[in-house]
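**Q** My structure is below; once you've seen it, I'll send some questions.
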Amino acid sequence: MIVGIGVDVVDVARFEATLARTPALRTRLFTEAERGLRVESLAARFAAKEAVAKALGAPPGLLHVEAEVVSGEHGRPGLRVTGRAAEVAAALGVTRWHISLSHDGGVAVAYVIAEG
């Protein structure tokens, strides 16, 4: 059963300019494992974090670093949620995450399904 769905789109150039203007955002938005990635990948991961929040109903108190995009077998993206995000997901009965990421033409997009 689908518990929630989230989608988000990010303009890569605008996102890159924001990171350049405010370098501390890398630490606030991304886990240590994510921070060294190319800007297109970071934009897609940021979109995924926003999509996770939407799939959970946008509850207050979520931190971006509580949703980490991880690479599975053959590079397939997966999600690791911790902290408040994990608490909310558990309360909603989420047992599995589905995620799709893409970036092309200056745009990054992420689609997240929370399954329970």
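The values are calculated or read from the model by the stated rules, or taken from the named source; none is laboratory data. Treat the numbers as computed from the prediction; the structure is a model and nothing was measured. Heads up, the Cβs are rebuilt from the backbone with ideal geometry, glycines too, and the neighbour counts pull from every protein chain shown. These area figures cover heavy atoms from the full protein model, side chains too; ligands, DNA and RNA do not enter into them. Shrake-Rupley method; radii C 1.70, N 1.55, O 1.52, S 1.80 Å.
**Q** Among the residues of segment 24-36 satisfying the criterion of being outside any helix (DSSP H, G or I) and in contact with a Lys or Arg (Cβ under 6 Å, 6 or more places away or on another chain), which is least open to solvent (accessible area, probe 1.4 Å)?
**A** Per the criteria, the residue is 34.
**Q** Could you please give the count of residues in segment 81-116 that are farther than 24 Å from residue 35 by Cβ, open to solvent by 50 Å² or more (accessible area, probe 1.4 Å) and over 14 Å from the mean Cα position of the chain (by Cα)?
**A** Counting residues in segment 81-116 that are farther than 24 Å from residue 35 by Cβ, open to solvent by 50 Å² or more (accessible area, probe 1.4 Å) and over 14 Å from the mean Cα position of the chain (by Cα) gives 8.
**Q** Of all residues in segment 37-80, how many are in a loop (DSSP other than H, G, I, E, B) and either free of Cβ contacts under 8 Å to residues at least 40 places away in the same chain or open to solvent by 30 Å² or more (accessible area, probe 1.4 Å) (or both)?
**A** Number satisfying all stated conditions: 11.
**Q** Just checking, which of 4, 78, 72 is within 18 Å of residue 109 (Cα to Cα) and more than 11 Å from the chain's Cα centre (by Cα)?
**A** None of the other options fit; the residue is 4.
**Q** Can you tell me how many residues within segment 90-115 are in contact (Cβ under 8 Å) with a residue 60 or more places away in the chain, outside any strand (DSSP E or B) and of a type in the set (Gly, Ala, Ser)?
**A** 2
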